[in-house]
Amino acid sequence: MNPSLLLRTVLLRFWRYKSKTIFMGLGITVGVLATVVLQTAAGSVRGAFSSFIERSYPADSVVLVAGSGFMGGGLGRDNLRLADVETVANTLGIKEWDPIVQIGLQEVKRGGNNVRVTVSGCSERAESVRRRSAQDGEFFTADEIKSRANVALIGPTTAKTLFPGESPLGEKIFINNVPFQVKGILEPVGVDPHGNDQDNAIEVPYTTLINTFRITAISGATFIAGDRSHVEEARNEIIRVMREQHQIGEGQKDDFSVITSALMQNLLDKSFRTFNIFVPLIAGTAFLISALVILSIMQISIKARTPEIGLRKAMGARSRDLQTQIVLEVLIVSVVASLLGLLLSQVGIALVAPVLAAKFGVKHVSAPVLLLVVAVLAAMATGLVGGILPARRAAKLNPIAALK
């Protein structure tokens, strides 16, 4: 058959039977839309969690947390002392470590502005241990930590709230009516995967925090183990020293947790296993339903076109020509429907992006090229699955029986 004539014939059928054509392509469009949007959203959220883990739990660090729960809390959450952390550092010979001292949301005032901000304490080593420096001003010095100076580092969000349109450096803020001088503005890190704005924060010397607010127990500490290959060994040693410090006997439960980047990544992988099964299952179901719809419509179409097929075969049309026409019809519908699905998926991603940014701290949302290719190939396969059987049925029709 002449290729141009074949194409005109196929397009003419689409125009005459617009409703059937739309129904055939609708499932594929939905399948491509669901595949791209859901996989992109899941991948972006996973990426945000991975970035958070890399920032909060560097690969060369070990984090000691108070409490028997994996992320703190539970039994013994008030049992961790600064002396415990110092003993661990001295026993293991760790030079780079930083205590985690937290007092949560506090009332912070500056002039007529009054806000609630997360306040925590750190040492001068936090700049290298936590990988977060000051973008303006200066970080704490060892002398300020030792002298329990009333100085503070504030996050960018806090700076904008308390000092709109002006520099906060050198200015005073009051944390629970205690004056602190702003020494610097912390580097922005954005929203964490739990939707908390990490830039709405204030850091003060941990010694000042302990002394001013009469803190007896700390939240934890971050230790830099040095070589990444020594992280697991350092973790085991920290557990051993802490059990000795807290006199925990054989078979008794720890009242602390020791976390590494590898443990957090493993937890993340387990958490996203459901997504890895659930999302492809949704997309696969949409494509399967689409294939069944195409199959049903094409079967009905072949039955209605039986006299036409019989006449064409009687006039010399080959079975291969009939199969080619029917498969081409399905493929054209699949291609157009998948392209429409890709276009709608970009709209869907644009609508989902602000929600992901606000809820999970996702900064950039874009569909990987490989995902787009896989979605289109799945659409093509769906069309072929739904079209091959009717095409074979048409090719096997006996022209004499069909004309009757």
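Within region 385-398, the set of residues being of a type in the set (A, V, I, L, M) and either closer than 12 Å to residue 288 by Cα or at pLDDT below 70 (or both) comprises 385, 389, 391, 394, 395, 397. Please tell me if residue 287 is surrounded by 15 or more Cβ atoms within 10 Å (Cβ to Cβ), farther than 22 Å from residue 327 by Cβ and either of a type outside the set (Lys, Arg) or outside the structural domain of residue 65 (by TED's automatic domain parsing) (or both). Against the criterion (surrounded by 15 or more Cβ atoms within 10 Å (Cβ to Cβ), farther than 22 Å from residue 327 by Cβ and either of a type outside the set (Lys, Arg) or outside the structural domain of residue 65 (by TED's automatic domain parsing) (or both)), residue 287 does not qualify.
Checking the stated criteria, residue 277 turns out not to satisfy the condition of being at negative phi, surrounded by fewer than 16 Cβ atoms within 10 Å (Cβ to Cβ), in contact (Cβ under 8 Å) with a residue 12 or more places away in the chain and not hydroxyl-bearing (Ser, Thr, Tyr).
Residues in region 207-240 that are among the hydroxyl-bearing types (Ser, Thr, Tyr) and part of a helix (DSSP H, G or I) were compared, and the one that is nearest to the chain's Cα centre (by Cα) is 229. Counting the residues of region 106-130 that are surrounded by 14 or more Cβ atoms within 10 Å (Cβ to Cβ) and part of a strand (DSSP E or B) gives 11. Only a single item in (1) under 30 Å from residue 364 (Cβ atoms); (2) of a type in the set (A, V, I, L, M); (3) buried (at least 18 other Cβ atoms within 10 Å of the Cβ); (4) out of contact with any Cys (no Cβ under 8 Å at 6 or more places or on another chain) is not met by residue 100, and it is number (4).
Among the numbered conditions (1) in contact with a helix residue (DSSP H, G or I) (Cβ under 6 Å, 6 or more places away or on another chain); (2) in a strand (DSSP E or B), the only one that residue 45 does not meet is (2). Scanning region 331-371 for residues that are closer than 27 Å to residue 196 by Cα, assigned to a helix (DSSP H, G or I) and touching a Phe, Trp or Tyr at 6+ places or on another chain (Cβ under 9 Å) returns a single hit, 360. Taking region 213-244 as the range and being among the hydroxyl-bearing types (Ser, Thr, Tyr) and without any contact (Cβ under 8 Å) to a residue 60 or more places away in the chain as the test, only 229 passes.
The values are calculated or read from the model by the stated rules, or taken from the named source; none is laboratory data. The structure presented is a predicted model; accordingly, all values stated were derived computationally and were not measured. Heads up, the Cβs are rebuilt from the backbone with ideal geometry, glycines too, and the neighbour counts pull from every protein chain shown.
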